[in-house]
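Chemist: Take a look at this one; I'll ask things after.
Just so it is clear, none of the values below were taken in a lab; they were calculated from the coordinates. The shown structure was predicted, so the numbers you read here are calculated from the model rather than taken from an experiment. Cβ: placed from backbone, ideal geometry, glycine included. Neighbour counts: every protein chain shown.
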């Protein structure tokens with residue numbers, strides 16, 4: 001697999017995850033990653049360019065900001081059973097949680 005599929009390729013791909021198994025899985029999938037961060041901070045966001053891609057599990061507000069800035073967001077989807085929630089997963093346990101990459105676009109509609 002190359003960079004996440006779209007009409008246009010990613011300029012730079014950022015992986016944002018503090019989980020080693022997530023990083024291993026993305027590497028095994030063959031997704032080229034230019035930058036790995038454990039958390040997204042304002043300074044990192046400011047260095048992203050329109051056309052970049054972010055892979056991770058981020059809050060909706062961050063995804064909306066990224067999308068508004070022209071950055072594509074690819075969520076690392078997992079189906080985690082209740083007994084594994086809150087635990088650090090090794091690669092085998094991570095793969096058992098049916099990981100998948102899914103691109104989303106989020107738009108902030110209204111803030112109260």
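Chemist: Helix-only mean residue ellipticity at 222 nm, the chain, DSSP H runs n ≥ 4 weighted -39,500 (n - 2.57), per residue, nearest 500. What is it? Show your work: numbers first, answer last.
Modeler: Values: 4 runs with 29 residues, N = 112.
My calculation for the chain gives -6500 deg cm²/dmol from helical runs alone.
Chemist: Follow-up. DSSP beta bridges in the chain, what fraction antiparallel, as a percent rounded to 5? Before the final figure, lay out each step's value.
Modeler: Numbers: 5 of 16 bridges.
Given both bridge residues lie in the chain, the antiparallel proportion sits at roughly 30 percent.
Chemist: Defining a contact as two alpha carbons under 8 Å apart and six or more residues distant in sequence, what relative contact order in percent does the chain show?
Modeler: Relative contact order, the chain: 27 percent.
Chemist: Express in nm, to one decimal, how much length is gained between residue 98 and residue 11 on full extension, taking 0.36 nm for each residue of separation and deducting their alpha carbon distance.
Modeler: Working it through step by step, the gained length comes to 28.6 nm.
Chemist: Once label points are set 7 Å from the Cα along Cα→Cβ at both residue 43 and residue 28, what is their separation, rounded to one decimal in nm?
Modeler: Computed distance between label sites residue 43 and residue 28 equals 3.4 nm.
Chemist: Would you mind telling me which residue in 77, 52, 44 has the biggest mean-square fluctuation in a Gaussian network model of the chain, where springs connect alpha carbons within a distance under 10 angstrom?
Modeler: 44
Chemist: Tell me the label-point distance for the pair residue 111, residue 61, using the 7 Å Cα-to-Cβ offset, in nm and rounded to one decimal.
Modeler: Roughly 0.8 nm, to one decimal.
Chemist: Using the per-residue mean of other Cβ atoms lying within 10 Å as a proxy for protection, in what order, highest first, do the peptides 81-91, 13-23 fall?
Modeler: 13-23, 81-91
Chemist: From Cα pairs below 8 angstrom and at least 6 apart in sequence, can you work out the relative contact order of the range 67-110, rounded to a whole percent? Present the calculation step by step, with values, prior to reporting the outcome.
Modeler: Working: 37 pairs, mean separation 25.9, N = 44.
That works out to 59 percent.
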